[in-house]
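Student: Just passing along the structure, written as structure tokens.
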Amino acid sequence: MRRISIFGATGSVGESTYDLILRAGGAEAFQTVALTGGRNTARLADMALALRAEVAVTAHDDCLPDLAARLAGSGIAVAAGPAAVAEAASRPADWVMSAIVGAAGLVPGMQALKTGATLALANKESLVTAGQLLLSTAARHGATILPVDSEHSAIFQALIGEDMSAVERIILTASGGALRDWPMERLASATVTEALAHPNWAMGPRITIDSASMFNKALEVIETREFFGVAPAQIEVIIHPESIVHSMVAFHDGGVIAHLGAPDMRHPIGFALNWPARAALPVARLDLARLGSLTFRAPDLRRWPALRLAGEVMAVRGLAGAAFNAAKEIALDRFIAGQLGFMAMAGVVEDTLARLSAETRLGNAASGLEDVLAMDHLARIRAAEAADNRAGG
Ligand code: NAD
Ligand code: MG
């Protein structure tokens, strides 16, 4: 039986993964090694029981008694905290879903690669913060990384059987998020509730707000650069409000291969689960005649400064991705807490990058994970200061 683990099992991608695993036979078809979650211990315990997991891990120490009580007598081991999450990732498994949100997904993903597993990577922050380390670790341990972000799965699929030297451009589509059609002058006062109203995709709250600010697309541009190894100038972003074309690859002969489908993460997750085969998946079928038209337009960089910042981060490379992501996470925390305006998030990230490039060598390549984690830590401190300055001034 195939051994699987799901990190971030109780989240949006985690739930979709769990759904596909159940449909494919659940505990009869897979041996579940580890499932991890956060504060939703009731859901984590249900999943662990249904899949007869070896271990269930909550990220929070104070949630351990509750998780232990729910799984008492089941034979399922329980643990809590970041070190326990990392330990769970070092348990050998064939297929590991990395669906923790934020930089917290980096260490468990790295641990899983060291076991030689196939890592289904939804946690784009891993590639943004430590792309080169991740790829070299995978290569050293014979592990495979399969992208799960819908755009990157689309690109991966468009590239099957192709030579990278034939690629001219990669075109990432973006829905534009909840505030896409708002007048520019209203954006500064957008609320959390407004930013959460995504038109097409049902996702976790953080990535949904990041879609409205386009920080999500900025992360994805960097993810593309790192995972596919193309130059920054080869990456384009195009606004596609319908979210039907998930991304495109343009080749030197003028041909463009696009990947289309209903906006349902169970497609890219299922593709990664069944790869290199394709199996039937429970996603809605496209009816292009009923859709009638698909539309595209160029993004406005004044509306979405995050896209401009992604270009700057790629130009510096090195530890800039770790700094960018950490600053973005702090700015997003502050926006969610009502302490920072919607457009001020990009300002905080920009201030943080400027400050860090003056005081550190942002362009230095990470020699190991410690460098990435140290930059992540420092950038969080500087971003909090930048946010305080903006909020105060
Ligand atoms: P989510 O918020 O719905 O779920 C996050 C999961 O991570 C939960 O299980 C939560 O308990 C866990 N978690 C949160 N903080 C943690 C921490 N510090 N340590 C350990 N576990 C922690 O998020 P999501 O929308 O499922 O997104 C997960 C990842 O997948 C993100 O990196 C996101 O960018 C990426 N992604 C999501 C989608 C989507 O459709 N939701 C699409 C593409 C990529
Ligand atoms: Mg995406």
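Student: Within segment 92-126, how many residues are assigned to a helix (DSSP H, G or I), under 14 Å from Leu146 (Cα atoms) and in contact with a Gly (Cβ under 7 Å, 6 or more places away or on another chain)?
Tutor: Adding up the residues that qualify gives 1.
Conditions tested, residue by residue: (1) over 16 Å from Leu332 (Cβ atoms); (2) within 12 Å of ligand 1 (Cβ to nearest atom); (3) modelled with pLDDT under 95.
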site: Thr144; (1), (2), (3): yes, no, no
site: Ile155; (1), (2), (3): yes, no, no
site: Thr173; (1), (2), (3): yes, no, no
site: Leu187; (1), (2), (3): no, no, no
site: Trp201; (1), (2), (3): yes, yes, yes
site: Arg206; (1), (2), (3): no, yes, no
site: Lys217; (1), (2), (3): no, yes, no
site: Val230; (1), (2), (3): yes, no, no
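Student: Output the residues belonging to segment 22-46 that are within 16 Å of ligand 1 (Cβ to nearest atom) and either small (Gly, Ala, Ser) or in contact (Cβ under 8 Å) with a residue 40 or more places away in the chain (or both).
Tutor: Ala34, Thr36, Gly37, Gly38, Ala42, Ala45
Student: Does segment 278-291 include one or more residues that are within 26 Å of Gly229 (Cβ to Cβ) and in a loop (DSSP other than H, G, I, E, B)?
Tutor: yes
Student: When the residues of segment 96-109 are filtered to those that are farther than 19 Å from Arg39 by Cβ and buried (at least 24 other Cβ atoms within 10 Å of the Cβ), which remaining residue is farthest from ligand 2 (Cβ to nearest atom)?
Tutor: Of everything passing the filter in segment 96-109, Val96 is farthest from ligand 2 (Cβ to nearest atom).
Student: Hey, among Ala197, Ala154, Ala218, Ala212, which residue is within 12 Å of ligand 2 (Cβ to nearest atom), within 23 Å of Gly14 (Cβ to Cβ) and of a type in the set (A, V, I, L, M, F, W, C)?
Tutor: Ala154
Student: Does Ala120 fit the bill of being more than 10 Å from ligand 1 (Cβ to nearest atom), at pLDDT 95 or above and either within 22 Å of Leu319 (Cβ to Cβ) or surrounded by 24 or more Cβ atoms within 10 Å (Cβ to Cβ) (or both)?
Tutor: Yes; evaluated as a whole, the condition is true for this residue.
Student: Of Ile257, Ile235, Ile239, Ile222, which residue is out of contact with any strand residue (DSSP E or B) (no Cβ under 7 Å at 6 or more places or on another chain) and in contact (Cβ under 8 Å) with a residue 12 or more places away in the chain?
Tutor: Step by step, each of Ile257, Ile235, Ile239, Ile222 is checked, and only Ile222 is out of contact with any strand residue (DSSP E or B) (no Cβ under 7 Å at 6 or more places or on another chain) and in contact (Cβ under 8 Å) with a residue 12 or more places away in the chain.
Student: I would also like to ask the following. Only residues that are surrounded by 24 or more Cβ atoms within 10 Å (Cβ to Cβ) and either at positive phi or in contact with a Ser or Thr (Cβ under 6 Å, 6 or more places away or on another chain) (or both): list them for segment 135-162, please.
Tutor: Hits for segment 135-162 are Pro147, Glu151, Ala154, Ile155.
The values are calculated or read from the model by the stated rules, or taken from the named source; none is laboratory data. Keep in mind the model is a prediction, meaning the values are calculated, not measured. Here Cβ is always computed from backbone atoms with ideal geometry, including for glycine, and neighbour counts include all displayed protein chains.
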